[in-house]
Amino acid sequence: MTVRLAIPSKGRLRDEVLERLEAANLRVELPEDDRSYRARIAGLDGVEVSFLSASEIARELGAGRVDLGVTGEDLLRETWADAETRVPILSRLGFGRADVVVAVPEIWLDVETMADLDDVAAEFRQRHGRRLTIATKYWRLTQQFFSGSHGIQVYRIVESLGATEGAPTAGSADLIVDITTTGATLRANHLKILSDGVILRSEACLAVFASERSEVDDALIREIVERLNESVSAEA
Ligand SMILES: Nc1ncnc2c1ncn2[C@@H]1O[C@H](COP(=O)(O)OP(=O)(O)OP(=O)(O)O)[C@@H](O)[C@H]1O
Ligand SMILES: O=P(O)(O)OC[C@H]1O[C@H](OP(=O)(O)OP(=O)(O)O)[C@H](O)[C@@H]1O
């Protein structure tokens, strides 16, 4: 009856997750050997903590290889088309905020909305004989937003593995879909967010693998969620 909880092993979310858990009386007893990726929660038997990268947590959770995970909502939704039912969010933690946005070069003066972009996409194809290209690592969110929500079909996604905001200047794509927090990176690269171009407002979340969980201690999961939610509302 062990609950397997995955938390970020590195990166921007790790320290804040550990702090939030501690504030919720769920202190992770860090292993003496800091290369070890296993830990426990002080005073709470039955929870096995593993450290994984934020994107791996989304994957492992949806595959049912962990029961609970703390990661960004953007990664949950990007990894699983059925995220809402497969990996439902139990608690929003109030940090790790980042918006997934559509951004175009500032010099595209007549493009302010997704409808403008749709017009440009059609015109662009006629004029240049190719589709508009979008640099992103958020393939699924981009397709859902462009094709699903806005009926835009004339584009091509170019996979970006980093420094996405540099793609338009480098000539490897026409526009981008990426996350932004302060907006500094977009500004530095002369990009602007479309007025209706916010795809998702993401933050760090506790999510659960939704299954029958016959082997898992649901009371323990409820206890973890209650402690976290109490500390999030105390903070708010
Ligand atoms: N300014 C920001 N830049 C990037 N990610 C941010 C930012 N603010 C919050 N996040 C969130 O942090 C998470 C990504 O964290 P991180 O880059 O450590 O994960 P990762 O994708 O697993 O790492 P890696 O790219 O090494 O595999 C996402 O959920 C993202 O929304
Ligand atoms: O809106 P801002 O506050 O400028 O933040 C957004 C930027 O921060 C992240 O990149 P980072 O340089 O952290 O590296 P990463 O691509 O490895 O995440 C992210 O990918 C954006 O590029």
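The values are calculated or read from the model by the stated rules, or taken from the named source; none is laboratory data. Predicted model only: the values in this text are computed from it and were never measured. FYI the Cβ positions are ideal-geometry reconstructions off the backbone, even for glycines, and counts take in every protein chain you see.
Annotations for the structure displayed:
- Matching option when the condition is within 14 Å of ligand 2 (Cβ to nearest atom) and within 21 Å of residue 54 (Cβ to Cβ), among 181, 142: 181
- Residue check: residue 116 meets all listed conditions (1) in contact with a strand residue (DSSP E or B) (Cβ under 9 Å, 6 or more places away or on another chain); (2) part of a loop (DSSP other than H, G, I, E, B) but one, namely (2).
- The listed residues are 178, 196, and the only one of them that is crowded, with 19+ Cβ neighbours inside 10 Å, among the acidic types (Asp, Glu) and in a strand (DSSP E or B) turns out to be 178.
- Scanning region 147-175 for residues that are assigned to a loop (DSSP other than H, G, I, E, B) and surrounded by 15 or more Cβ atoms within 10 Å (Cβ to Cβ), we see that the one that is farthest from ligand 1 (Cβ to nearest atom) is 154.
- Among the residues of this structure, residue 206 does not count as one that is crowded, with 19+ Cβ neighbours inside 10 Å, assigned to a helix (DSSP H, G or I) and away from ligand 2 (no atom under 13 Å from the Cβ).
- Members of region 182-217 that are within 15 Å of ligand 1 (Cβ to nearest atom), touching a residue at least 60 places away in the same chain (Cβ under 8 Å) and farther than 25 Å from residue 147 by Cα: 204, 205, 206, 207
- Members of region 128-143 found to be free of Cβ contacts under 8 Å to residues at least 40 places away in the same chain and closer than 18 Å to residue 100 by Cα, listed by number: 143
- Residues that are crowded, with 19+ Cβ neighbours inside 10 Å, assigned by TED's automatic domain parsing to the domain that holds residue 187 and assigned to a loop (DSSP other than H, G, I, E, B) do occur in region 138-146.
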